[in-house]
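Each remark here refers to the structure printed beneath this line.
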Amino acid sequence: MSTTVHNLPNVAGRLKDATGIALVSLLLGVPMIGLKTVDAGGALAIATRWPWLLAFVATMFVGRLVLQFVLDHVSLNKAKRARTRPEIAATRPWLKWIGYAVVGFSLVLPIAFSGNRYVVDTATTVLIYVMLGWGLNVVVGLAGLLDLGYVAFYAVGAYAYGLLSTHFGWGFWQTLPVAGLLAASFGIILGWPTLRLRGDYLAIVTLGFGEIIRLILVNWTDFSGGPNGIGSIPRPTFFGLPFKPDGDGATFASFFGLEYSPEHRVMFLYYLILALALLTNLFVSRLRKLPVGLAWEAVREDEVACKALGMNVTNIKLSAFAIGAMLGGFAGVFFAARQGFISPESFVFSESATILAIVVLGGMGSQLGVVIASVLLVLLPELGRDFSEYRMLMFGAAMILIMVWRPGGLIAHREPTYRLAKGAQA
């Protein structure tokens with residue numbers, strides 16, 4: 001289907017395209033609409049519905065013409081806007097206000113839904129994917145590297161906390177920086193020999209790395225517990241105050257004079273991942289304005305030109321890969337602490353695909369787009385639980401519609417990180 005038209009509409013081409021669609025509709029419509037089995041005195045007989053079939057084919061023919069007409073004009077208008085757009089995108093302050101509104105809503109959400117644990121748990125899941133999306137956005141959106149094995153770094157962080165806490169008694173805050181560094185080290189180990197590859201080759205290597213990590217976790221039973229995973233992982237405490245009923249020592253409820261409620265821990269975990277996600281956003285936003293962030297975008301736009309300017313492209317890519325892996329490791333630590341149990345089943349390829357879909361759907365490089373896409377991709381399957389038989393069908397259809405509507409992502413035209421001064425432009 002051609003949607004890019006910059007000249008006058010080609011009427012003959014549209015008629016040919018619509019005729020092809022009508023023929024396909026005719027072939028499919030004969031058994032599905034044209035023929036129908038009926039009860040003829042205890043035996044099945046075939047009745048024909050040719051008028052219905054004719055109406056169906058005519059509808060497909062006309063509908064295709066209308067759709068092509070609309071798509072051509074939308075494409076033509078986009079091309080006109082692109083020709084008249086200045087080289088540097090105009091400022092869009094409304095994006096900042098939307099971001100502030102999202103942060104404000106996130107802060108009051110557990111209070112507004114304090115009696116509904118399901119909503120808070122779902123919001124916590126959304127924030128985990130937001131943090132993962134922002135981490136992968138460094139690799140895919142800013143540096144332009146296609147990583148299909150990002151879940152491996154997520155698993156490294158989760159298993160680091162699971163093993164260190166259960167075998168050595170490490171706490172959440174002790175493990176967090178160590179797990180991040182460990183995940184970044186894995187990113188460097190993977191990236192050093194492979195980041196000289198491009199496009200599909202790099203994607204295949206990262207996909208294989210993700211599967212290698214998963215297979216190690218499944219088969220190295222003495223180390224990782226194998227398919228049984230690791231259980232009884234301690235939950236994070238509030239500055240040493242555990243969330244449990246009153247006992248021998250001080251607890252969160254007894255210290256603040258509250259009646260014990262399991263919802264205290266749920267709300268604490270929510271605010272914990274919210275704080276981690278906001279720190280991640282601040283960290284990535286600051287990096288984008290530093291030379292290393294500008295170098296990522298430069299390599300993404302034109303790697304050959306960067307090499308010609310003497311930039312060490314491999315090291316630039318490696319820094320993006322390591323930082324993205326570190327952020328994935330942080331998210332893995334929180335995931336293990338929240339669940340209290342981890343197994344290799346939580347780190348399969350579909351998780352990598354979901355995180356990558358969040359980055360692409362949100363608009364590569366867009367921080368706010370990742371948030372919106374995370375909400376959509378987590379809430380759509382949840383809303384489809386009542387239609388379990390059609391859940392994945394609805395999910396796929398929604399994805400197709402969004403990608404047709406916004407092929408560059410929900411927020412495709414992100415703000416430039418570096419803006420030239422007026423004097424420099426002249």
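The values are calculated or read from the model by the stated rules, or taken from the named source; none is laboratory data. Model, not experiment: these values are computed from the prediction. Note that each Cβ is placed from the backbone with ideal geometry, even for glycine, and that neighbours are counted across all protein chains shown. Surface areas here come from the heavy atoms of the whole protein model, side chains and all, with no ligands, DNA or RNA. Shrake-Rupley method; radii C 1.70, N 1.55, O 1.52, S 1.80 Å.
Can you find even one residue in the stretch 326-349 that is among the hydrophobic types (A, V, I, L, M, F, W, C), within 26 Å of Leu202 (Cα to Cα) and out of contact with any helix residue (DSSP H, G or I) (no Cβ under 9 Å at 6 or more places or on another chain)? For the stretch 326-349, residues among the hydrophobic types (A, V, I, L, M, F, W, C), within 26 Å of Leu202 (Cα to Cα) and out of contact with any helix residue (DSSP H, G or I) (no Cβ under 9 Å at 6 or more places or on another chain): absent.
For Leu8, the test of being at pLDDT 80 or above and open to solvent by 100 Å² or more (accessible area, probe 1.4 Å) is failed. Taking residues in the stretch 66-78 that are closer than 15 Å to Lys16 by Cβ, and partners anywhere that are assigned to a helix (DSSP H, G or I) and of a type in the set (A, V, I, L, M, F, W, C), the pairs with Cβ atoms closer than 8 Å and at least 6 places apart or on different chains are Gln68/Ala18. Number of residues in the stretch 39-84 that are modelled with pLDDT under 80, surrounded by fewer than 12 Cβ atoms within 10 Å (Cβ to Cβ) and of a type outside the set (Lys, Arg) equals 9.
Here Leu176, Leu148, Leu181, Leu164 are screened, and the one residue that is assigned to a helix (DSSP H, G or I), on the phi < 0 side of the Ramachandran plot, open to solvent by 10 Å² or more (accessible area, probe 1.4 Å) and in contact with a Ser or Thr (Cβ under 7 Å, 6 or more places away or on another chain) is Leu164. Where the second residue is assigned to a loop (DSSP other than H, G, I, E, B) and among the small types (Gly, Ala, Ser) and the first is touching a residue at least 60 places away in the same chain (Cβ under 8 Å) and under 20 Å from Val375 (Cβ atoms) and lies in the stretch 128-147, which pairs have Cβ atoms under 9 Å and are six or more apart or on separate chains? Once the first residue is touching a residue at least 60 places away in the same chain (Cβ under 8 Å) and under 20 Å from Val375 (Cβ atoms) and sits in the stretch 128-147, its partners that are assigned to a loop (DSSP other than H, G, I, E, B) and among the small types (Gly, Ala, Ser) give Asn137/Gly365; Asn137/Ser366; Val140/Gly365; Gly141/Gly363; Gly141/Gly365; Gly141/Ser366.
Considered as a group, the residues in the stretch 208-256 that are among the acidic types (Asp, Glu) and without any contact (Cβ under 8 Å) to a residue 12 or more places away in the chain include one that is least open to solvent (accessible area, probe 1.4 Å), and that residue is Asp222. Considering Leu276, Leu215, the condition of being hydrophobic (A, V, I, L, M, F, W, C), modelled with pLDDT of 90 or more and farther than 30 Å from Ala112 by Cα is satisfied by Leu215 alone. Within the option set Gly293, Gly249, being outside any helix (DSSP H, G or I) and over 21 Å from Arg117 (Cβ atoms) holds for one residue only, Gly249. Filtering the stretch 252-267 to residues that are outside any helix (DSSP H, G or I) and over 34 Å from the mean Cα position of the chain (by Cα) leaves Phe256, Gly257, Leu258, Glu259, Tyr260. In this structure, is Gly247 out of contact with any Cys (no Cβ under 7 Å at 6 or more places or on another chain) and closer than 30 Å to Ala325 by Cβ? In short, no. Within the group Val130, Val205, which residue is crowded, with 21+ Cβ neighbours inside 10 Å, touching a helix residue (DSSP H, G or I) at 6+ places or on another chain (Cβ under 9 Å) and of a type in the set (Val, Ile, Thr)? Answer to the check: Val130.
Residue selection: Thr194 fails the criterion of being in contact with an Asp or Glu (Cβ under 6 Å, 6 or more places away or on another chain) and modelled with pLDDT under 90. One residue stands out in the stretch 206-246 among those that are over 33 Å from the mean Cα position of the chain (by Cα) and assigned to a loop (DSSP other than H, G, I, E, B): the one that is farthest from Ser185 (Cα to Cα), namely Asp246. For the stretch 316-337, the criterion of being surrounded by fewer than 17 Cβ atoms within 10 Å (Cβ to Cβ), farther than 26 Å from Phe172 by Cα and out of contact with any Phe, Trp or Tyr (no Cβ under 7 Å at 6 or more places or on another chain) is satisfied by no residue at all. In the stretch 31-44, the residues that are under 27 Å from Val57 (Cβ atoms) form Cβ pairs under 7 Å with partners that are outside any strand (DSSP E or B), at six or more places apart or across chains, as follows: Ile33/Arg49; Ile33/Trp52; Ile33/Leu53; Ile33/Phe56; Gly34/Arg49; Gly34/Trp50; Gly34/Leu53; Lys36/Arg49.
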